[in-house]
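Read through the structure below, which is laid out as structure tokens, and then see the notes.
What follows is calculated from the coordinates using simple rules that are stated; it is not laboratory data. Quantities reported herein were computed from a predicted structural model and do not represent experimental measurements. Ideal geometry is used to build each Cβ from the backbone, glycine not excepted, and the neighbour counts take in all protein chains shown.
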Amino acid sequence: MAETALKPKEERFCLEYIVDYNQTQAAIRAGYAEKSAAKIGCKLMKDSRILARVKELQKEQADRLCLSSDLVVIKLLELVDICMAAKPVMEWSTEAHAFVPSGEYQIDSKGATKALELLGRHLGMFDRKEQASTEGPVYLTGMDEIKE
């Protein structure tokens, strides 16, 4: 059975959905009734034609912006390095009337943790069914202290 073309409202929904990936808001912006937008958005996202069009629009956007998963992984690795770089804790010196290093250092552990979590998800490290089949350690460039 051949799939039918999208109606104008459905096409608009697809275009609006890739703006913020919010089904309800995309449905409202596409012209569906606000009262039923959540239900309609959910229903539309189960339609294979809608999903195919959203995927097509995502690919067009990625091509237009020259985005790739490699670029994202590279930027996440750079972010991990930045977050893990120890920065001196500064404190106010009444004698010098300026901020001076306290002798302590800190890292951005929240930023590093989030970046590492995203990298792990990309590599499928947190999928329960995949954990048992891991063939060995994954080595991240510039992260020698993590190697097993």
Check your understanding: Is there any pair with a first residue in the stretch 55-72 that is more than 21 Å from residue 16 (Cα to Cα) and a second that is among the small types (Gly, Ala, Ser) whose Cβ atoms are under 9 Å apart and which are 6 or more apart or on different chains, and what are they?
Key -> 68/62
Practice item. Just need a number here: residues in the stretch 86-124 that are assigned to a loop (DSSP other than H, G, I, E, B) and within 23 Å of residue 70 (Cα to Cα). Key: 2
Check your understanding: What do you reckon, is residue 69 under 20 Å from residue 124 (Cα atoms) and hydroxyl-bearing (Ser, Thr, Tyr)?
Key -> yes
**Study point:** One residue from 72, 100 being aliphatic (A, V, I, L, M) and more than 25 Å from the chain's Cα centre (by Cα)
**Key:** 100
